[in-house]
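A.B. asks: The following block contains the structure, expressed as structure tokens.
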Amino acid sequence: MEKREVSVVVESFMSEIKDSLAGGDNVYLRGFGSFVIKQRAEKLARNISKNTTIIVPQRSVPVFKASKEFKDIVKNTSKK
């Protein structure tokens, strides 16, 4: 495959992952890992420039969790 074709395939794949996560679905790739949506709780924070307390609202964030198989492969790879 040419570099341009590979780029199109990878970009399409990543677009599908983004669309799935935006739709509230998790993406599981066997032997690689999972892309999931986690909820971050509302919290208090400090605005140090104004010396005030602000509330950071609850929000959803995308998270990648590597599979055990993937972690083991990386861990056992020798450093060059």
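We did not get these values from a lab; they are worked out from the coordinates using the rules stated. Worth saying up front: this structure is predicted, and the values here are computed from it rather than measured. Ideal geometry is used to build each Cβ from the backbone, glycine not excepted, and the neighbour counts take in all protein chains shown.
A.B. asks: Taking the beta-carbon count within 10 Å as an exposure proxy, list 29, 44 from fewest neighbours to most. Each step should come with its number before you reach the end.
C.D. replies: Working: 29 13, 44 8.
The most exposed by this proxy come first: 44, 29.
A.B. asks: Please give the peptides 46-55, 15-24 ranked by average Cβ packing (other Cβ atoms within 10 Å per residue), highest first, as a rough proxy for protection. Numbers along the way, then the final one.
C.D. replies: Details: 46-55: 8.5, 15-24: 11.9.
Per-residue Cβ counts within 10 Å, averaged per peptide and sorted highest first, yield 15-24, 46-55.
A.B. asks: A further question follows. For the chain, what does the relative contact order come out to in percent, with C-alpha contacts under 8 Å and a separation of six or more?
C.D. replies: On the way: 88 pairs, mean separation 19.8, N = 80.
About 25 percent, as a whole number.
A.B. asks: Can you tell me how much longer the chain between residue 50 and residue 19 gets when fully stretched, taken as 0.36 nm per residue apart minus their C-alpha distance, in nm with one decimal?
C.D. replies: Numbers: separation 31, 0.36 × 31 = 11.16 nm, distance 3.81 nm.
Gain in length upon complete extension: 7.3 nm.
A.B. asks: Rounded to whole Å and ordered largest first, report the semi-axes of the equivalent ellipsoid of the chain derived from its Cα gyration tensor (root of 5λ). Write down the numbers at each step before the final one.
C.D. replies: On the way: eigenvalues 231, 76, 46 Å².
Over the Cα atoms of the chain, the ellipsoid semi-axes are 34, 19, 15 Å.
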